[in-house]
Amino acid sequence: MKEISVQELKDMMDHNVEFQLIDVREPFEYEVSNLNGVNIPLSGVVIEKDKISKDIPVVIQCRSGKRSAQAVMLLEQEGYTNLSNLSGGILAWKEAFDPEMDVY
């Protein structure tokens, strides 16, 4: 499974790289804080896979990196080859870039 760091994600954002960010946390977690990704909870990631691009890089993120890793594995079984797991999730983002961010 391919993983990217929060620094790599920030670099992608800063350089306007085309990619899709999928946040697999629950809606109440997403409401507390998010990185402007598409919110598709882990439980619905296969059901809603048509919302996930196969044509551009896709970064999957959650709170710590565990649920997103599960999502990557599930989607790879569905034929996806363009996925990266955000190592450390939104907790790592908070630590690196936004210490004031509220995280559930």
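The values are calculated or read from the model by the stated rules, or taken from the named source; none is laboratory data. For clarity, every value in this text was computed on a predicted model and none was experimentally measured. For neighbour counting, all protein chains shown are included, and Cβ atoms are generated from backbone atoms with ideal geometry for every residue, glycine included. Protein only, heavy atoms only, side chains kept; ligands, DNA and RNA dropped before computing areas. Shrake-Rupley method; radii C 1.70, N 1.55, O 1.52, S 1.80 Å.
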Q. Which members of segment 53-78 meet the condition of being touching a helix residue (DSSP H, G or I) at 6+ places or on another chain (Cβ under 7 Å) and either under 19 Å from Ala92 (Cβ atoms) or surrounded by 16 or more Cβ atoms within 10 Å (Cβ to Cβ) (or both)?
A. Val59, Ile60, Gln61, Cys62, Arg63, Ser64, Gly65, Arg67, Ser68, Gln70, Ala71, Leu75
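Here is a yes/no grid of residues against (1) among the basic types (Lys, Arg); (2) in contact with a Leu (Cβ under 9 Å, 6 or more places away or on another chain); (3) touching a residue at least 24 places away in the same chain (Cβ under 8 Å); (4) under 21 Å from Ser5 (Cβ atoms):
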| site | (1), (2), (3), (4) |
| --- | --- |
| Gly37 | no, yes, yes, yes |
| Gly44 | no, no, no, no |
| Gln61 | no, yes, yes, yes |
| Gly65 | no, yes, yes, yes |
| Ala71 | no, yes, yes, yes |
| Glu78 | no, no, yes, no |
| Asp102 | no, no, yes, no |
Q. When segment 1-42 is examined, which residues are found to be among the aliphatic types (A, V, I, L, M), in a strand (DSSP E or B) and in contact with a Gly (Cβ under 9 Å, 6 or more places away or on another chain)?
A. Leu21, Ile22
Q: Hey, can you tell me all the residues within segment 36-52 that are open to solvent by less than 30 Å² (accessible area, probe 1.4 Å) and either in contact with a strand residue (DSSP E or B) (Cβ under 6 Å, 6 or more places away or on another chain) or under 17 Å from Gln77 (Cα atoms) (or both)?
A: Gly37, Ile40, Gly44, Val45, Ile52
